[in-house]
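Here's the structure we're looking at; comments come further down.
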Amino acid sequence: MATKTKSAIDKAGLDDEQLRRLLYLLKLTRYFDERMEALYRQGRLPGAIYSGRGQEGTHVGVAFALRKDDSLFPTHRDLSAQFAKGVELKRVMAQFWGRIDGYTRGRDGNSHMGDWAGAHTFAVLSNLPSAYPPAAGAALAYKKRGEDRVAMAICGDGATSNGRWHESLNVSAIWQLPVVWVVNNNQWAYSTPNDLEMPTKTVAERAEAYSMPGVRVDAQDVLDVYVVARDAVERARSGEGPSLVESVSLRWRGHAGHDPAKYVPKETLEEYMTKKDPVKRFQELLTKEGVVDDAAVEELDGRIKKEFDEGYEFAQRSPLPEPADVTAGVFADDGYWEREPGRTGGTP
């Protein structure tokens, strides 16, 4: 794990406004997760949910290290990171209710979305690590165009056993691409523990095989995550190539809304929820350091609740998608295979 050599706030180098912004993002994503799960349990949310509760330190910490013009390639569980990158709460809410004001204009009813034009977040797919190859491609484009932009991709620990993961790290190391590889290690790939996923003790040490730095950090402290991600981003931006960041946490909920996660030992879960809550820890730190007081926290909580309620109402008022728009933005072949009957399979 990354070690602390001086106070976390001094090491992060963030001013009070930035620290308060971090607290807002942590509390917003926690509140959003809790309220959306409640609506799902009540049958008032039509789609699925993929909770990231307990992992906000990873999501917010890594995304906060990116510039606005950097690109984020998240998973369906990384909505907290997308919030940190700049997606709009109201449009996210419309997305979950399949409305036209959502990011996919009603083509999806959960977090399979992105905002490439605005927040520079890539559209999410579920088959992991689907975000890794396009992140390598974006980083290659940035390098070829001489842009000082960075790509960052996120996946879970289970995805590191997939060939696409290794291929992406390999090509990024060969071409010294400006990319940061983040592994959100939940310690369980669905129901499979780390020691049955990989022969190494950590994900971070796999970086050595690709001649890139690998850092393992405790995701329960968002500033530690931010510092590690910031250093990796700065390294990539300066032309020194890719890095691997393993951010270790424990998600408080299962793989999706239907999964009770009974495979996680009860004692371990209770420890993380009571002693290792990244949101509570950061709030306590800022209160101790005088960055916020109880009144400021209460005001912030009220603001977040108001924003959520307004987002919910916005989603309910948003129109349903127009049936005639179903093929808009969808790419398909133009009769190539009919013109070339001797060819089979794949996309030309």
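Checking each residue in the stretch 115-128 for being touching a strand residue (DSSP E or B) at 6+ places or on another chain (Cβ under 6 Å) and either on the phi > 0 side of the Ramachandran plot or at pLDDT 95 or above (or both) picks out 115, 120, 121, 122.
I'm trying to understand the selection: among the residues of the stretch 77-100, which are at positive phi and crowded, with 24+ Cβ neighbours inside 10 Å? Listed by number, the list is empty, since nothing qualifies. Taken as a whole, the structure leaves residue 151 outside the set of residues that are open to solvent by 10 Å² or more (accessible area, probe 1.4 Å), among the small types (Gly, Ala, Ser) and touching a helix residue (DSSP H, G or I) at 6+ places or on another chain (Cβ under 9 Å). Taking the stretch 1-68 as the region of interest, the helices (runs of 4 or more DSSP H) fully inside it that hold 3 or more residues being surrounded by fewer than 20 Cβ atoms within 10 Å (Cβ to Cβ) are 8-12, 16-41. In the set (1) closer than 22 Å to residue 203 by Cβ; (2) open to solvent by 50 Å² or more (accessible area, probe 1.4 Å); (3) part of a loop (DSSP other than H, G, I, E, B), residue 133 fails one condition alone, (3). For the stretch 204-213, the candidate set comprises residues that are open to solvent by 50 Å² or more (accessible area, probe 1.4 Å) and assigned to a helix (DSSP H, G or I); within that set, the residue that is nearest to residue 248 (Cα to Cα) is 205. Of all residues in the stretch 172-186, those satisfying the criterion of being surrounded by fewer than 19 Cβ atoms within 10 Å (Cβ to Cβ) and either of a type in the set (Gly, Ala, Ser) or free of Cβ contacts under 8 Å to residues at least 40 places away in the same chain (or both) are 173, 174, 175. The residues on offer are 272, 336, and the sole one that is touching a Pro at 6+ places or on another chain (Cβ under 7 Å), modelled with pLDDT under 95 and not acidic (Asp, Glu) is 336.
Residues in the stretch 140-149 that are assigned to a loop (DSSP other than H, G, I, E, B) and of a type in the set (D, E, K, R): 3 in all. Out of curiosity, is residue 128 farther than 14 Å from residue 242 by Cβ, of a type in the set (A, V, I, L, M) and surrounded by fewer than 19 Cβ atoms within 10 Å (Cβ to Cβ)? Answer is no for this residue. In this structure, is residue 248 surrounded by 16 or more Cβ atoms within 10 Å (Cβ to Cβ) and touching a helix residue (DSSP H, G or I) at 6+ places or on another chain (Cβ under 7 Å)? No.
May I ask you to verify whether residue 238 is under 25 Å from residue 8 (Cβ atoms), open to solvent by less than 20 Å² (accessible area, probe 1.4 Å), at pLDDT 90 or above and not acidic (Asp, Glu)? It is false that residue 238 is under 25 Å from residue 8 (Cβ atoms), open to solvent by less than 20 Å² (accessible area, probe 1.4 Å), at pLDDT 90 or above and not acidic (Asp, Glu).
In the stretch 254-269, the residues that are closer than 26 Å to residue 42 by Cβ and open to solvent by less than 50 Å² (accessible area, probe 1.4 Å) reach residues that are assigned to a helix (DSSP H, G or I) and not aliphatic (A, V, I, L, M) with C-beta atoms within less than 6 angstrom, at least six apart or across chains, in these pairs: 257/40. Is it fair to say residue 248 is at pLDDT 95 or above and within 20 Å of the chain's Cα centre (by Cα)? Considered against the rule, which asks whether it is at pLDDT 95 or above and within 20 Å of the chain's Cα centre (by Cα), residue 248 comes out as yes. Would you check if residue 108 is open to solvent by 20 Å² or more (accessible area, probe 1.4 Å), in a helix (DSSP H, G or I) and of a type in the set (Asp, Glu)? Spelling it out, it is not the case that residue 108 is open to solvent by 20 Å² or more (accessible area, probe 1.4 Å), in a helix (DSSP H, G or I) and of a type in the set (Asp, Glu).
Of all the numbered requirements in (1) modelled with pLDDT of 95 or more; (2) more than 18 Å from residue 230 (Cβ to Cβ), residue 148 misses one, and that requirement is (2).
When the stretch 291-324 is filtered for residues that are open to solvent by 60 Å² or more (accessible area, probe 1.4 Å), modelled with pLDDT under 95 and not hydrophobic (A, V, I, L, M, F, W, C), the ones remaining, listed by number, are 322, 323.
Selection of the stretch 87-115 for residues being in contact with a Ser or Thr (Cβ under 8 Å, 6 or more places away or on another chain) and farther than 12 Å from residue 314 by Cα yields 87, 112, 113, 114, 115.
Could you tell me which residue of the stretch 150-203 is farthest from the chain's Cα centre (by Cα), considering only residues that are in a strand (DSSP E or B) and of a type in the set (S, T, N, Q)?
192
Picking from 84, 123, 65, which residue would you name as being of a type in the set (Gly, Ala, Ser) and more than 30 Å from residue 275 (Cα to Cα)?
Residue meeting the stated conditions: 123.
The values are calculated or read from the model by the stated rules, or taken from the named source; none is laboratory data. Just so we're clear, the structure is a prediction, and the values are computed from it rather than from any experiment. Reconstructed Cβ throughout: ideal geometry from the backbone, glycine too, with neighbour counts over all protein chains shown. When the accessible area is computed, the model is the full protein with side chains, heavy atoms only, and any ligands, DNA or RNA have been set aside. Shrake-Rupley method; radii C 1.70, N 1.55, O 1.52, S 1.80 Å.
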